[in-house]
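The next block holds one structure in the form of structure tokens; read it before the comments.
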Amino acid sequence: MQAVRGNTQAIAGDKQSTGKTAGEALDALTAQLEGGELGTLLILQSFRPDWFFSEVEQQRLSKLINRWRTARDQGEMLPPEQQAELDSLVEAELKAATARTAALIQQLNP
């Protein structure tokens, strides 16, 4: 799904629909699908900052992940304070993903 001029767009194969909310777009798309086409729903986040996980948090997480990868590739570890911060940001992003999902469920079931 993606936002299109204030609407949300849902796409499945060659079928697509739009709606004012994610739920409306999904309902319109589901109505177009045949029984064999119904299955698991996959929603991809655009990885843009939002009220659940800010741009500052995303930038810091990215920087720490890059440092962690460099350290790993050199057979080293991050300093303990950076590892703790990385762990904390990963947990915060997981909580943000959970909150995004809960918000979407509320939109789908008003």
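The numbers here are math on the coordinates, done by the rules we state, and not lab data. Treat the numbers as computed from the prediction; the structure is a model and nothing was measured. For neighbour counting, all protein chains shown are included, and Cβ atoms are generated from backbone atoms with ideal geometry for every residue, glycine included.
Taking the Cβ-Cβ separation of GLN9 and ALA99 as r and a Förster radius of 22 Å, what is the calculated FRET efficiency to the nearest 0.05?
0.45
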Protection proxy ranking, peptides 52-59, 18-25, average beta carbon neighbours within 10 Å, highest first: 18-25, 52-59
Work out, step by step, the length gained on full extension between SER62 and ALA31: first 0.36 nm times the residue separation, then minus their alpha carbon distance; give nm to one decimal. 7.2 nm
